[in-house]
Amino acid sequence: MPRTFLWAGPPGAVRLEIAHVSLEDGRMSANGTQIGISEDAVLYEVRYTVDEPRLRVELVGGPALELELAEGCDHFDLAYSPVFNSFPVLRHGLHRGGPARDFVMTFVSVPDLGVSVSRQRYDPLNGEGRIHFSAGDFQEDIDFDDEGFVVHYPSIADRVALEV
């Protein structure tokens, strides 16, 4: 069933993202647009389409990338994009609890579209949608809804709308 989500950055961050998400047979795909102002005051618009194992991401007026999931990587992660945190959560039901899981991600930074590998840990805290996320020195508790989609990611975004 297709869904459209809208997230807004936290106070002080200028960032919006709209994502159109489809779930079919336990697989998630999405396309969306993220707009914002980077930490070094660069205005940007990024458009993406992800259907693992493929990701296409374009900086409007700049470069575009078409990537296959790197060997040994579990998922993609796009900077500042809450929809990408739902891929491992949905696939492994982490929003319902269970043991912590470690993932290796093909990470794309924004707005420069640099590609790197990111080791990430998702540790379900209460079985009710709260997950402790860590990647390197970065740590955050993220709230997911009953279906596994980000509702509140304190330093990244809050969901402000959902259209079914």
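The values are calculated or read from the model by the stated rules, or taken from the named source; none is laboratory data. Quick caveat, the model's predicted, so the values are computed rather than measured. So basically every Cβ, Gly included, is an ideal-geometry build from the backbone, and we count neighbours across all protein chains shown.
Filtered by the rule that a residue be charged (D, E, K, R), farther than 17 Å from N85 by Cα and modelled with pLDDT of 95 or more, the range 16-46 gives a lone residue, E45.
The single residue among S29, S38 that is of a type in the set (S, T, N, Q), closer than 25 Å to V151 by Cα, touching an Asp or Glu at 6+ places or on another chain (Cβ under 6 Å) and surrounded by 15 or more Cβ atoms within 10 Å (Cβ to Cβ) turns out to be S29.
Please specify each residue of the range 1-38 satisfying the condition of being closer than 20 Å to I142 by Cα and not in a strand (DSSP E or B). Passing the criteria: G9, P10, P11, G12, A13, V14. Taking the numbered list (1) assigned to a helix (DSSP H, G or I); (2) more than 22 Å from D158 (Cβ to Cβ); (3) at pLDDT 95 or above in turn, F84 passes all entries but (2). Pairs please, first residue from the range 97-108 and in contact (Cβ under 8 Å) with a residue 24 or more places away in the chain, second anywhere and surrounded by 17 or more Cβ atoms within 10 Å (Cβ to Cβ) and among the aromatic types (F, W, Y), Cβ atoms under 8 Å, 6+ apart in sequence or on different chains. Pairs found: A100/Y122; F103/Y122; M105/F76; T106/F76; F107/F76; V108/F76. Scanning the range 44-99 for residues that are of a type in the set (D, E, K, R) and either touching a helix residue (DSSP H, G or I) at 6+ places or on another chain (Cβ under 9 Å) or within 13 Å of E17 (Cβ to Cβ) (or both) yields a count of 5. Only residues that are surrounded by fewer than 16 Cβ atoms within 10 Å (Cβ to Cβ), in contact with a Gly (Cβ under 9 Å, 6 or more places away or on another chain) and under 15 Å from V150 (Cα atoms) were counted across the range 5-15, and they come to 0. In the range 117-134, the qualifying residues are those that are within 15 Å of the chain's Cα centre (by Cα) and without any contact (Cβ under 8 Å) to a residue 40 or more places away in the chain, and the one that is surrounded by the fewest Cβ atoms within 10 Å (Cβ to Cβ) is R119.
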